[in-house]
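Mind looking over this structure? Questions follow.
Please treat every number below as a calculation from the coordinates, not as lab data. All values reported here derive from a predicted model rather than from experimental measurement. So basically every Cβ, Gly included, is an ideal-geometry build from the backbone, and we count neighbours across all protein chains shown.
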Amino acid sequence: MGFWKNLFSSPESASVPQTAEFEEDLAVGLGDPLSPTFRKPASGNARIFFSCDRDIDLYELEELCNAVGWSRRPLRKVKKAIVHSFLVVSMWEMRGSQRRLVGFARATSDHAFNATLWDVVVHPDYQGKGMGKALMKYIIKKLRSEDISNITLFADPQVVDFYRNLGFMSDPEGIKGMFWYPD
């Protein structure tokens, strides 16, 4: 529960400076995985940074999703989902002037109480290195800075433990989600 306690502390501690401000501050050393930029261990001159810019190359995003085995989705619908999301976070590796999309997540929201996370993805080359955890902590911290207090997500069975380790739990009241799909 300590993870959530940190996120639900005072509003001042929940605010996150913009990405550009942090790029200069954490250009050396590992940095804090909670920060918008940090270096991953043994990455040489590579730097990982987060961006909330919605102008994402959809083909690059499709390659990332393909790398984890997701089914292809129509790019026009992916673009529409991004445009209508409350928050979009991308995670990039920067080596010199080369930039590579290595993670992505987005959230929809009622802009007051609730947000739901969607499309959380980290490239397989970066899994198991704390990158997914850093991405999740960053997006949650951004949502908390907007005073969103109820954050939900849907998880495939193979990643339930990952989210559980971040403090997510099955509905504490035992309510089961309901879904409607067209025939």
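Within the set of pairs 6 or more residues apart or between chains, which connect a residue that is farther than 13 Å from LEU153 by Cβ inside the range 95-119 to a residue that is in a loop (DSSP other than H, G, I, E, B) and not polar (S, T, N, Q) with Cβ atoms less than 6 Å apart?
Every condition considered, the pairs that remain are VAL102/HIS123.
I need a count of the residues in the range 132-157 that are aromatic (Phe, Trp, Tyr) and touching a residue at least 60 places away in the same chain (Cβ under 8 Å).
So the count comes out to 1.
State whether the residues of the range 86-98 include one that is part of a helix (DSSP H, G or I), touching a Gly at 6+ places or on another chain (Cβ under 8 Å), within 20 Å of GLU62 (Cα to Cα) and of a type in the set (A, V, I, L, M).
There is no residue in the range 86-98 that is part of a helix (DSSP H, G or I), touching a Gly at 6+ places or on another chain (Cβ under 8 Å), within 20 Å of GLU62 (Cα to Cα) and of a type in the set (A, V, I, L, M).
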